[in-house]
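The values are calculated or read from the model by the stated rules, or taken from the named source; none is laboratory data. Remember, predicted model here, so these are calculated numbers, not experimental data. Note that each Cβ is placed from the backbone with ideal geometry, even for glycine, and that neighbours are counted across all protein chains shown.
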Amino acid sequence: MERYASNSGYEIVEEEWREWPGLRLRVFKDRPANLVDLLEGTARRYPDREGFIAGDVRLTFRQFDDMANRIAAGLQESGVRKGDRIALLLGIGIEFMVSFFALMKLGAIAVPLNTRFKGEEMAYEIDHSESRMLILDEENWVHFDSVRDRLKTVEKVYYNGSNPPAGTIPFSTLTNTARDTFERPALSETDTATILYTSGTTGKPKGAMLHHLGFALSAMQVSDFLSYTMDDRVICCVPLFHATGLGLVVIPALLVGAATVFLRTFKVKEFLEVVAKERVTCFKGVITVLWLMINHPDFDRYDFSSFRISVPGGSAATEEQIKRIRSKLPNLTLSMGYGMTETVGFDTVVPFDEVGKEITCVGRMLPIVDVCILDDNGRQLPKGEVGEIAFKSAKNSRGYWKNPEATAAAITDGWFRSGDLGRMDERDLIYLLDRKKDMINRGGEKIYSREVENVISDHPKVLEVAVVAAPDTMLGEVVKAVIVPRLEEEVSGEEIIHFCADRLADFKVPRYVEFMESLPRNPAGKVIKGELRYIPSGAK
């Protein structure tokens, strides 16, 4: 099968993967031994280079590593040992990353929590992971405090903020200590580094166990494909409790000695200012960020000449979005990436010269990844046939924490099933047609929501659109379009329906059209389609 070669000349070898005896997987031969080795290697090579920027706070790689050592020493003195789960309820910023690496140095397992969760949601992940301690920001205290008395495993809480509540320990006691030595445990690259909880769209969230090797290999693939150098500056405005922020933004930049610029809360105006001021060169996240960026009324006031490359992922881009982004940011090289939390991010990337030619194309395999299309029984399908996209890689999660049933359902002979429907063509390019759960079944007719979304996105008055299934007593499901109009534009449901009728088969035309000021999104920027699957009020 055709896949990308390494731009940096990394040597690729096959090694046996202990999770599946007898299975040999492609890996980079010369790689960091673990995440601690990755950080400390960069701190040794570029000690005085600026590596972490958050507002007025600017740390060199050596300063960051020194702080991680102090936190590790304090946490070990507090009782943290290898294998302990420690929850992080921290926003986008240096505190999250330095706490994360402190835990890596101790061989502990970081459990990043969704900062948008309320008490009950948060409590489930803390209890399920059996986290012994918690480090949290002051703005997250109110939700934690509402459930703290019911938590079963948390022994200590470190509080990052002013006026720590009774019963908590100031985070500053870790960062300000002079002690920076601690007993270092033996680390294996297959040790679990973190448990990242998935969005839980079909029930309780599942905790994907991601290992040191997965993060290291992902960092090498990302930095290699994007040709990172130490002079790059990467902006992080996506949550660090998500695989994108942690595995695709910060750690790849750290690997090569490039700086990460943190934007704690995404606001379009502030994003424009930070990208221009800090001379940001790269963005990874959802395409919506670039779309909002170029549509902001102040866009033309800023200099974005440094902004050289972007590989959005996580949500589909439309032809109109790609066309407009290229026209407004002519210096930007654009690709599209595709992967999942359980594989630590990108597995396929669209060739630069293919972007925009076929909107459903999500690219070709990266150097150490295998991709196939499976039927419902786990059999590989020939090229051209539609089935479930699956990945095989040494990056892959070993499964879900305390959930053997979900692990068995997700992994077939080493292939991690994505839950996405797609196909592979004769050039080994992968095409993403829909999420299995987002495909609309209208009386036996299968409709891919992305196809309808691409058509509606071409309407000049439409800013964003999501297409979902709405219930129907006769047909089971019918097509519903939820639309965010462009500013100061008026558009009717009838206008959208007629627009679609001229371009789509009659059974694909929306039965219902609903208008919103914004689409509901999860912290990773993906549209939460489950919240839209209802018949709009007043519809007949």
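Against the condition of a type in the set (Val, Ile, Thr) and without any contact (Cβ under 8 Å) to a residue 40 or more places away in the chain, how does ILE325 come out, does it pass?
yes
Does ARG324 satisfy the condition of being at pLDDT below 95, over 19 Å from LEU433 (Cα atoms) and not assigned by TED's automatic domain parsing to the domain that holds VAL467?
yes
Going through LYS204, LYS152 one at a time, which residue ends up being within 23 Å of HIS242 (Cα to Cα), charged (D, E, K, R) and either loosely packed, with under 13 Cβ neighbours inside 10 Å or out of contact with any Ser or Thr (no Cβ under 9 Å at 6 or more places or on another chain) (or both)?
LYS204
Of the conditions (1) within 27 Å of GLU405 (Cα to Cα); (2) at pLDDT 95 or above, TYR197 satisfies every one except a single condition; which number is it?
(2)
When you check ARG423 against the structure, is it touching a Gly at 6+ places or on another chain (Cβ under 8 Å) and not in a loop (DSSP other than H, G, I, E, B), yes or no?
Criteria met by ARG423.
Pick from ILE309, ILE287: which is farther than 22 Å from GLY93 by Cβ and touching a strand residue (DSSP E or B) at 6+ places or on another chain (Cβ under 6 Å)?
From the options ILE309, ILE287, the qualifying one is ILE309.
Would you mention how many residues in the stretch 174-222 are within 30 Å of PRO520 (Cα to Cα), among the hydrophobic types (A, V, I, L, M, F, W, C) and either in a strand (DSSP E or B) or without any contact (Cβ under 8 Å) to a residue 40 or more places away in the chain (or both)?
Summing the residues that are within 30 Å of PRO520 (Cα to Cα), among the hydrophobic types (A, V, I, L, M, F, W, C) and either in a strand (DSSP E or B) or without any contact (Cβ under 8 Å) to a residue 40 or more places away in the chain (or both) in the stretch 174-222 gives 5.
Pick out the one residue from ILE368, ILE294, ILE359 that is more than 22 Å from ALA216 (Cβ to Cβ), of a type outside the set (Lys, Arg) and touching a residue at least 60 places away in the same chain (Cβ under 8 Å).
Values: ILE368 fails: more than 22 Å from ALA216 (Cβ to Cβ); ILE294 fails: touching a residue at least 60 places away in the same chain (Cβ under 8 Å).
ILE359 is the lone residue from the list that is more than 22 Å from ALA216 (Cβ to Cβ), of a type outside the set (Lys, Arg) and touching a residue at least 60 places away in the same chain (Cβ under 8 Å).
Within the stretch 18-51, can you find the residues that are under 13 Å from LYS105 (Cα atoms) and in contact with an Asp or Glu (Cβ under 8 Å, 6 or more places away or on another chain)?
ALA33, ASN34, LEU39, GLU40
Looking at the stretch 1-37, which of its residues are among the aromatic types (Phe, Trp, Tyr), in a loop (DSSP other than H, G, I, E, B) and crowded, with 16+ Cβ neighbours inside 10 Å? Steps first, answer last, please.
Taking the stretch 1-37 first, the residues among the aromatic types (Phe, Trp, Tyr) are 4, 10, 17, 20, 28.
Restricting the remaining residues to those that are in a loop (DSSP other than H, G, I, E, B) gives 4, 10, 17, 20.
Result: TYR4, TYR10, TRP17.
Can you give me the number of residues within the stretch 492-521 that are in contact with a His (Cβ under 9 Å, 6 or more places away or on another chain) and either over 14 Å from GLU453 (Cα atoms) or small (Gly, Ala, Ser) (or both)?
Total meeting the criteria: 1.
Name the residues in the stretch 528-539 that are under 19 Å from ARG442 (Cα atoms) and not in a loop (DSSP other than H, G, I, E, B), would you?
LYS529, GLY530, LEU532
Tally the residues that are part of a loop (DSSP other than H, G, I, E, B) and modelled with pLDDT of 95 or more, restricting the search to the stretch 429-458. Break it down into steps so the answer makes sense when it comes.
From the stretch 429-458, those part of a loop (DSSP other than H, G, I, E, B) are 429, 439, 443-444, 448, 458; that's our starting set.
Applying the additional criterion that residues be modelled with pLDDT of 95 or more yields 429.
Residues flagged as part of a loop (DSSP other than H, G, I, E, B) and modelled with pLDDT of 95 or more within the stretch 429-458 amount to 1.
List the residue pairs whose Cβ atoms are under 9 Å apart, where the first residue sits in the stretch 245-262 and is at positive phi, the second is of a type outside the set (A, V, I, L, M) and part of a helix (DSSP H, G or I), and the two are 6 or more positions apart or on different chains.
Filtered contacts from the stretch 245-262: GLY257/THR42; GLY257/ARG45; GLY257/PHE61.
Mind checking whether some residue in the stretch 395-406 is on the phi > 0 side of the Ramachandran plot and without any contact (Cβ under 8 Å) to a residue 60 or more places away in the chain? Talk me through it step by step, then tell me what you get.
Going through the stretch 395-406, the residues on the phi > 0 side of the Ramachandran plot turn out to be 399, 402.
From the residues that got through so far, the ones that are without any contact (Cβ under 8 Å) to a residue 60 or more places away in the chain too are none.
So far as the stretch 395-406 goes, no, none of its residues is on the phi > 0 side of the Ramachandran plot and without any contact (Cβ under 8 Å) to a residue 60 or more places away in the chain.
Identify, please: which residue in the stretch 483-527 is of a type in the set (Asp, Glu), out of contact with any strand residue (DSSP E or B) (no Cβ under 6 Å at 6 or more places or on another chain) and outside any helix (DSSP H, G or I) and is, among those, surrounded by the most Cβ atoms within 10 Å (Cβ to Cβ)?
In the first step, residues of the stretch 483-527 are kept if they are of a type in the set (Asp, Glu); the result is 488-490, 494-495, 502, 506, 514, 517.
Add one more test, that the residue is out of contact with any strand residue (DSSP E or B) (no Cβ under 6 Å at 6 or more places or on another chain), and what stays is 488-490, 494-495, 502, 506, 517.
Keeping just the survivors that are outside any helix (DSSP H, G or I) gives 488-490, 502, 517.
On the way: GLU488: 6, GLU489: 11, GLU490: 9, ASP502: 8, GLU517: 6.
Per the stated criteria, the residue is GLU489.
Quickly run through the stretch 324-345 and pick out the residues that are hydrophobic (A, V, I, L, M, F, W, C) and under 22 Å from GLY384 (Cα atoms).
MET336
Considering only residues that are over 18 Å from GLU2 (Cβ atoms) and among the hydroxyl-bearing types (Ser, Thr, Tyr), look in the stretch 366-420 and name the one that is modelled with the lowest pLDDT.
THR412
Considering only residues that are in a loop (DSSP other than H, G, I, E, B) and among the hydrophobic types (A, V, I, L, M, F, W, C), which ones fall in the stretch 370-406?
Residues satisfying the conditions are LEU381, VAL386, ALA394, TRP401.
Just to be sure I understand, how many residues within the stretch 326-353 are out of contact with any Cys (no Cβ under 7 Å at 6 or more places or on another chain) and buried (at least 23 other Cβ atoms within 10 Å of the Cβ)?
13
Go through the stretch 148-173 and count every residue that is at pLDDT 95 or above, charged (D, E, K, R) and either in a loop (DSSP other than H, G, I, E, B) or over 30 Å from the mean Cα position of the chain (by Cα) (or both).
1
Touching a Pro at 6+ places or on another chain (Cβ under 9 Å), within 26 Å of VAL350 (Cα to Cα) and either surrounded by fewer than 17 Cβ atoms within 10 Å (Cβ to Cβ) or not basic (Lys, Arg) (or both): does that describe LEU429?
yes
Got a sec? Which of SER518, SER537, SER492 is of a type in the set (S, T, N, Q) and closer than 30 Å to THR115 by Cβ?
SER518
Out of ALA317, ALA259, which single residue is assigned by TED's automatic domain parsing to the domain that holds PHE61, of a type outside the set (Phe, Trp, Tyr), surrounded by 15 or more Cβ atoms within 10 Å (Cβ to Cβ) and in contact with a helix residue (DSSP H, G or I) (Cβ under 9 Å, 6 or more places away or on another chain)?
ALA259
Taking into account only those residues within the stretch 300-314 that are without any contact (Cβ under 8 Å) to a residue 60 or more places away in the chain and touching a Gly at 6+ places or on another chain (Cβ under 9 Å), which is surrounded by the fewest Cβ atoms within 10 Å (Cβ to Cβ)?
SER310
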